[in-house]
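Have a look at the structure below, then the notes.
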Amino acid sequence: MLLIFFLTLGLTGNNLTSSSVFPWLFNFSSSLSYLDINNNNLQGPIPNAIGNIAPLRYLFLQENQLEDGIPSSFGNLSSIEVLVLSDNQLTGTISVLLSLSSLMAIDVRNNLFNGILTERIGSLSKLEYLDLGTNRFEGVITEAHFFSLSRLYCLFLDYNSHISFNLSSGWNPPFQLQYLGLRDCKLGPHFPTWLQTQKALYYLEISNTEIQDPFPDWFWDLTPKLYNLNASHNNIHGVLPDLSSKFSAFSYIDLSFNHFKLFITNFTGEIPASLRKCTSLRFADLSENKFSGEIPAWVGDSLSELVLLSLRSNQLFGTIPLNLCDLTCLQVLDISLNKISGAIPNCLSNLTAMVQKVEFESYIEIQSSRFNHFEGAEVTWKGKENDFIKSLKLVKLIDLSSNILDGEIPTEITSLVTLVGLNLSRNNLSGSLPLKIGELRSLDFLDLSRNHLSGGIPVSLSQLDQLGMFDLSYNNLSGRIPFIAHLQTFESSAYVGNSGLCGPSTYKTMSRRRNLSRSKVQRKQKWNRKSRTRGQTHHSRILHCYDTWIHCWILGSIWDFTAQQSRGSSHFWVVE
């Protein structure tokens, strides 16, 4: 009796190149049924010879640098069941795959594929998992695209902005989906009524899909299993129900950038207390709405697993509840653009996720039986909305800007040593900068502008050598700016509006004006002599600055820094 052995070969993560692995591989490829070469350094086109491996059932080539199109020889893979080509630079169409009736899973996410998605895909009757996300596909999706896909449980077409849907309101899909991602597709303007038939959904991503309807009543009775909902960046309006009574197991919900009414169940504009029952909630983004009232104290008591809390750009008032300090998993706290008053709580040092130098696993992970699909969220970073996909666990951010907070910056905040961004700008904060601010060594973004801070700039600030954005402008700071190399890389706009400041950090701007003609300088000196009273005060400040700089800059030069706050600019003169 003839025995036929089929081989399984896994070469994941070995930094293999195309020239080193493919010639060797094809010496015995005729008996391969499972081939995994993902996460290597494969470059160039996929060899045609792979399409001649007749017994091949599982092929994993993701996370390489493969280019060009799918070889036509793939049409010979009559036994192929799972095909994963994601995270490469492949181009062209996927039409050659649509004749492979044995396919159960197709994953070509994050490539450069294009072309119209034809109805032929609806003939793959064994298909269970389909991920075409983050490509350049186009076309109009109709019922025919899903005609025979009764086994489909996972569908991702997200980040294909030229895909639109034209499905009848009475359509009854042949499948029951568990994972559905349609972000950036044209799904609206009407809310997709066919979702009413999907009773097994765990994950639903329909953000930025041009929906302009309110949530239908039936949506909230859809499934108790739903734990990830993103319907942000639409024009959804109307009334929100008691979410906790519907989905008590929510881990992620994002309804931001919509137009919900102020009347939310029995609460007039306030954040609904029903959310306190969502004890598994990790991402709460309620930004860009019209919520009013105070920040509920129960947020810190009941939502202990929160990783992200964004209440940005609402109409909230009152003080920051001390209970927020109990959110030990919190990595992003954004309550900017509200009317929050009072002092910054000293207990923010209890936010241990911003203290511990470990990688937290408290983020959303959507995983089917075969594939790890999603982790991340949208965060306002340096004034812009950013998607942190696969890297949210590295972001530690506090943004309390554009409120009416007062009092001093608590020293305790300097214990948040893994904090990457701190924005306290546009408040009424007073007092000195914390002397230990230099302990925030991970800071990339620091904005303390437009407050009433006074005193000098702590020397410890020079330890923040990772700073990419820095702003102390429009305060009441005084004294010498520390002459530290990294602080000299920032424009003078980082210090403008502090009339008592002086120091070599102004050198960059002064050097641009150093080519003033001697006649202009002389006219300036003459004007100073005529304005003797002003000149004496003026030059006393100059000489004070000169004394502190004499060891740093050329002897015989005096730097005159005159800040004109009313104009929002600074003028620098060089007197030789």
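Taken together, the values in this text are just the output of simple stated rules run on the coordinates, not laboratory data. Small disclaimer: the values here were computed from a predicted structure and weren't measured. Neighbour counts run over all protein chains shown; Cβ positions are idealised from the backbone, glycine included.
Here are the numbers for the structure shown:
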| read-out | value |
| --- | --- |
| P(r), alpha carbons of segment 269-310 - 10 Å bins starting at zero, rounded % | 28, 61, 11 |
| √(5λ) per eigenvalue of the Cα gyration tensor, segment 64-106, largest first, Å | 18, 12, 8 |
| Inter-label distance for S99 and D406, nm, one decimal - labels placed 7 Å from Cα along Cα-to-Cβ | 7.7 nm |
| Around Q463: net Lys/Arg minus Asp/Glu count, Cβ-Cβ under 12 Å | 0 |
| Nearest-0.05 FRET efficiency for T142 and S30, computed from C-beta distance (R0 30 Å) | 0.15 |
| Relative packing of peptides 459-471, 103-115 - highest average C-beta neighbours within 10 Å first | 103-115, 459-471 |
| Net charge over other residues, Cβ less than 9 angstrom from the Cβ of C347 (K, R count +1; D, E count -1) | -2 |
| Pairwise label distance in nanometres, S462 with N41, each label 7 Å out on the Cα-Cβ vector | 4.2 nm |
| Cβ-based net charge around H190, under 14 Å, with every Lys or Arg adding one and every Asp or Glu removing one | -1 |
| Over segment 165-215, volume per residue of the alpha carbon convex hull, in Å³ | 78 Å³ |
| Segment 86-211: Cα Rg divided by the 2.2 N^0.38 Å rule of thumb | 0.97 |
| Among 339-351, 75-87, the order from most to least packed when residues are scored by Cβ within 10 Å on average | 75-87, 339-351 |
| Calculated FRET efficiency for the pair V355/S432, C-beta based, R₀ 30 Å, to 0.05 | 0.85 |
